[in-house]
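Q: Sharing a structure here in structure tokens format.
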């Protein structure tokens, strides 16, 4: 976790701001402060476009876990479409100003699931580093999914894990590119996993107090 965040912390890259805005938006959304949440999500997306992955995951979680209340669900989903519209408008401005779409030069950054990682293992001079990144991410995802499947952070973490399978060698083979992209996965994954473990440990202790073991004698 320290390795993942070191480059981002030392260079003060936009990922820290984007993740902070995303976290604030998730908290606001869970408390039904929708306007504030949408503003935070939109700013997060404009800071780092990969935050769209988290907004999409939140929308899926909302559909799965929020009860139907007449027209309320379509309105909530329409609000979550705002960050996507904001990003679309921004890249439209860039197209008009610069003459190119931002994603025209991302061929080596994104690809078919798994292909970029396999190519990276074939080309890297430090395969253990890649193994560490993958193993830590997979462990956090597994713990969160097993113990806190209803937690919105788990949905966000799993969505980012799926997203990382599409990353190309240009991301996997550069530490700065990799830790910046995986920061939400590691940060939110750690929060979800640690919270779930603490909850289950507390539950086990409570059960032990309520049902103490009895000796044979």
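The numbers here are math on the coordinates, done by the rules we state, and not lab data. Owing to the predicted nature of the structure, the values given are computational and were not obtained by experimental measurement. Here Cβ is always computed from backbone atoms with ideal geometry, including for glycine, and neighbour counts include all displayed protein chains.
Q: Output the peptides 21-30, 155-164, 134-143 sorted from most to least packed, where packing is the average of other Cβ atoms within 10 Å over each peptide's residues.
A: So the order, starting with the most tightly packed, is 155-164, 21-30, 134-143.
Q: In what sequence do 15, 49 fall when counting other Cβ within 10 Å, fewest first? List each step's numbers first, then the result.
A: Values: 15 24, 49 16.
Taking fewest neighbouring Cβ atoms as first place, the list is 49, 15.
Q: Still on this model: Calculate the spin-label point distance for residue 34 paired with residue 89, positioning each point 7 Å from the Cα along the beta-carbon direction, and give it in nanometres.
A: Label at residue 89, label at residue 34, 1.8 nm between them.
Q: Then there is this: For the residues 72, 32, what sequence is obtained by ranking on other C-beta atoms within 10 Å, fewest first? Could the numbers behind the result be given before it?
A: Details: 72 11, 32 8.
With the sparsest Cβ surroundings first, the list reads 32, 72.
Q: Between residue 123 and residue 96, with labels modelled 7 Å along Cα→Cβ, what's the label distance in nm to one decimal, could you check?
A: 3.6 nm
Q: Still on this structure, please answer the following. Obtain the nm distance between the two label points defined at residue 73 and residue 200 by a simple spin-label model: each point lies 7 Å from its Cα along the Cα-to-C-beta direction.
A: Placing both labels 7 Å along Cα→Cβ, they lie 3.0 nm apart.
Q: So if we plug the beta-carbon distance of residue 27 and residue 112 into 1/(1 + (r/R0)^6) with R0 = 45 Å, what FRET efficiency do we get, rounded to 0.05?
A: 0.80
Q: I've got another one for you. What order do you get for 126, 195, 120 when you list them from fewest to most C-beta neighbours inside 10 Å?
A: 126, 195, 120
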